[in-house]
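Below is one structure; the comments refer to it alone.
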Amino acid sequence: MIVRVDVDAGRKPLTAKQICWRLRRGGYRLRWLSQRRSPSGTGWHLELQVTPAPRSCFEVVALQAVLGSDLAREACNLNRARMVETGQVRGWWAKRWNVLYRKGWTA
């Protein structure tokens, strides 16, 4: 699973060193990291992969929050994760619950 971090305008994303430190505290290691400006040009989108891989949608949401993602986004993701984990959402959306919005597209 990919960990997606949405950093809002006016905030700086964590450095790779800070990310690695936070991940180590949680028992993870960084495998790769991609960072780019959000479509608005004011915030940042980070995508990363960790080892060991998160075992649940809830674990992904927790990691995203720990790594500085927008808390309102993660509150919505927590609700989506619950629906995926309980089987209320299946198919296409069950694989795409953890979105970063681009111009008319979700990641």
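Values quoted throughout were computed directly from the atomic coordinates according to the rules given, and no laboratory measurement underlies them. Since this is a predicted model, take the numbers as computed values, not measurements.
General remarks:
- Option label - volume of the Cα convex hull per residue in Å³ computed here, alternatives (1) 130; (2) 95; (3) 152: (2)
- The relative contact order of the range 3-106, computed from alpha carbon pairs under 8 Å that lie at least 6 residues apart in sequence, is 31 percent.
- Note on the chain: helix-only mean residue ellipticity at 222 nm, from DSSP H runs of 4+ residues weighted -39500 (n - 2.57) and normalised by residue number, equals -10000 deg cm²/dmol.
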